[in-house]
Amino acid sequence: MFKFSKLLLKNTLIALVFYGVISSISLLLLKSTLAEQNNNHASTIGTLVDQASFNIASQKETLEDEKAIAKQLLNTLKKASKYQYIAIKNKASNLQVYKSNNNALLSFTYPENNNISTGKLPYTIEYTLDFTSETILIERVLTVLALLSVIFIFLATWFNYRLQAVVFNMISSQIKHDLDAINHPNAEDNDANSYIDIPALKEGIAEIKEIMSEQLRSSTHLEIEAYVDSLTELENRNRFVQVYEKYLEEDSAVTFGVLIIIRCSELQTINQVHGYKEGDDYIIQVSERLKKSLIKRPRGKLFRLNSSDFAIILPNEKIKQAEEFADELTMSFNEYQQLADLDSVAFSGLVFFDKTKPLGELLALADTGVSVAQTKSTNSWYTVKDVDILHTSTANTGNQNWRQEIDSVLEGKRISLLLQPIQPSGRNSKVYGEVLARFLNSSEDMLPTASFIAMAEKLDKIVEVDRLIIETAISEITSKNIVDQSFGINISARSISDEHFMIWLERKLLREPSVAPRLVFEITEFGLQQNIKTGKRLIEMLHRVGARVTVERFGVGLTSFKFFRDLTPDYIKMDSSYTRDIDDDKNNQYFLRLMVDLAHRLGINVLAESVETQEEKHTLEKLFIDGCQGFYVGKPAPF
């Protein structure tokens, strides 16, 4: 929209151009007309000279008489017409000259002096008519035109300014109406008629609509990415934080409630053993059961906080009601556990909240509840109350329970061993079966394996757990006299860095000379990288006593083959990320073929884990993998 000053300037320029054109045309026409009149006056002068020649024919005797004749002729001409300039002259000099004193503004339009010769008198007359009246008329016309132009400038500017304001208001109303139609597509008046019918405007508004619609779609997509979990389509941790902070506001209708954290205990194990696709299916199944459980509690809100944790907020519900809900969850999880043949499904931690509880403290308490629940029966829950915290010197109730549970398992040697076979790809391939440990609480219920191992690491109990697994495995092999196959046992990175464990393991294997050659100790690539010297010493010791070594989860780190040539392991077990969907992944096929070729040149056998389909197994065999492990090959079975 133009300002008044800009409109005034624009109209002034237009008026000046108009005035200049009209003035130029008027002056050109005036000059042409005056020149024509001046030329036509020559015949009038000739007639007057002929009439006057009879009266003055006898008076040409002397020079003085010629001047008198010229004067008389001049007076005759002046009486007949008005002249701006007139001169009567003979061949020698000017006899009479007359020049008007009228100085018109437009005198520059006067024609040049015209010369004519008299027929009967020996004189030449030079003249220009007096056009003062004509030029004054044109001056007045141009002056009036200038005044009208000034008036036009101001009136046109004012009308343009008002009209511009009206048009822009109409355009703004049209744009606002159309944009409201985008933001509120279900409004009743969206189909109303347009305020203004301008094709260019409609095209512009249509473009704006398209741009805004695209931005709206983009913002909606970004909001979904920012606040919605793509796998379960549940709201994520970001939305969870927003919702809880909204509950803390003074004007919120929610004054108290219960937060429940549900931790999927088998996710890590399923991902490692079955693959990430099975892990995703497991998470989806748990989320669907949580959604179903909340049908009777429509005010409850469900979120996925991270890969293994869900959160449920039950607003304005007391602990007793939430515990009844937790019992329903346990029943649902137990049902799914039997259907999916899992060791456990999920454990829950409950904590009461009000407007005084900050979110960080609440999550810490709920996490403690999950840790305590994991030490109890399968798929159980635990409520953390303020009384529990006050009666302990620290808020780490979950850690204390886990410490007691791990000590109880170690003391009672409550461990169950499973064996998952590794199938050789050829007759000459020498492979083994992997020993998998499961831990039981005092009620003989299965503890979540991943949580047990993680808490054992955290509480510095993992070395004792490794010793228990090795002792139990050797005892089973000895008691059952299984000497026709080999067994793989996992060792943690913490254990191979423990000097006392290394001494104990060497002595244990030396005391069991018939069993030691049947054992293959599996160590992660990352664990070896943490302390290369210790790893090399462990491998040399195991080779001395006749045992063998597997570097598992190979390919996750950046270890070079020069490193493995120096360590000389017996096997490398490729990480599941390389073997999963290998039949469709040409890049991983090329990489594995290269790894197999290099490993075989160094005398190292290559194994593949998480083999779940016939296509994967067939592809791996074509790549000359020495052995395959996974649920397609064989499920874990009792030792």
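The values are calculated or read from the model by the stated rules, or taken from the named source; none is laboratory data. Treat the numbers as computed from the prediction; the structure is a model and nothing was measured. Cβ placement follows ideal geometry from the backbone for every residue including glycine, while neighbour counts extend to all protein chains displayed. These accessible areas exclude ligands, DNA and RNA; they are computed on the full protein's heavy atoms, side chains included. Shrake-Rupley method; radii C 1.70, N 1.55, O 1.52, S 1.80 Å.
Numbers at a glance
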{"read-out": "Residue match in the stretch 237-257 (condition: within 17 Å of Gln285 (Cα to Cα) and in contact with an Asp or Glu (Cβ under 8 Å, 6 or more places away or on another chain))", "value": "no"}
{"read-out": "Out of Lys82, Lys78, sole residue that is within 30 Å of Val144 (Cα to Cα), among the basic types (Lys, Arg) and at pLDDT 80 or above", "value": "Lys82"}
{"read-out": "All positions within the stretch 623-638 that are part of a loop (DSSP other than H, G, I, E, B), open to solvent by less than 40 Å² (accessible area, probe 1.4 Å) and in contact with an Asp or Glu (Cβ under 8 Å, 6 or more places away or on another chain)", "value": "Gln629, Gly630"}
{"read-out": "Residues satisfying the stated conditions in the stretch 480-511, i.e. part of a helix (DSSP H, G or I) and β-branched (Val, Ile, Thr)", "value": "Ile496, Ile503"}
{"read-out": "Residue within the stretch 327-343 that is open to solvent by less than 10 Å² (accessible area, probe 1.4 Å) and under 35 Å from the mean Cα position of the chain (by Cα) present", "value": "no"}
{"read-out": "Search result, residues across the stretch 226-255 that are open to solvent by 30 Å² or more (accessible area, probe 1.4 Å) and under 17 Å from Leu363 (Cβ atoms)", "value": "Glu235, Arg237, Asn238, Arg239, Val241, Gln242, Glu245, Lys246, Leu248"}
{"read-out": "Flag if Glu499 is closer than 27 Å to Phe452 by Cα and surrounded by fewer than 17 Cβ atoms within 10 Å (Cβ to Cβ)", "value": "yes"}
{"read-out": "When residues of the stretch 256-281 are limited to those that are of a type outside the set (Val, Ile, Thr) and in contact with a strand residue (DSSP E or B) (Cβ under 7 Å, 6 or more places away or on another chain), the one surrounded by the most Cβ atoms within 10 Å (Cβ to Cβ)", "value": "Ser265"}
{"read-out": "Test set (1) at pLDDT below 95; (2) over 38 Å from the mean Cα position of the chain (by Cα) - Lys508 fails condition number", "value": "(1)"}
{"read-out": "Of residues in the stretch 347-361 being assigned to a loop (DSSP other than H, G, I, E, B) and without any contact (Cβ under 8 Å) to a residue 12 or more places away in the chain, the one surrounded by the fewest Cβ atoms within 10 Å (Cβ to Cβ)", "value": "Thr356"}
{"read-out": "Residue satisfying condition, being of a type outside the set (A, V, I, L, M, F, W, C) and more than 30 Å from Asn379 (Cα to Cα), within set Arg467, Arg438, Arg511, Arg494", "value": "Arg511"}
{"read-out": "Residue count for the stretch 373-415, restricted to those that are modelled with pLDDT of 85 or more and of a type outside the set (Phe, Trp, Tyr)", "value": "20"}
{"read-out": "Counted residues, the stretch 431-479 - those being part of a helix (DSSP H, G or I) and either touching a residue at least 12 places away in the same chain (Cβ under 8 Å) or not assigned by the TED database to the domain that holds Ile572 (or both)", "value": "25"}
{"read-out": "Some residue of the stretch 512-526 being part of a helix (DSSP H, G or I), modelled with pLDDT under 95 and open to solvent by less than 10 Å² (accessible area, probe 1.4 Å)", "value": "yes"}
{"read-out": "Lys6 vs. criteria basic (Lys, Arg), over 28 Å from Lys78 (Cα atoms), modelled with pLDDT under 85 and in a helix (DSSP H, G or I)", "value": "yes"}
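The rows are residues; the columns are (1) acidic (Asp, Glu); (2) part of a helix (DSSP H, G or I); (3) open to solvent by 50 Å² or more (accessible area, probe 1.4 Å); (4) closer than 26 Å to Gln51 by Cβ.
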residue	(1), (2), (3), (4)
Phe108	no, yes, yes, no
Thr128	no, no, no, yes
Leu142	no, yes, no, no
Ala146	no, yes, no, no
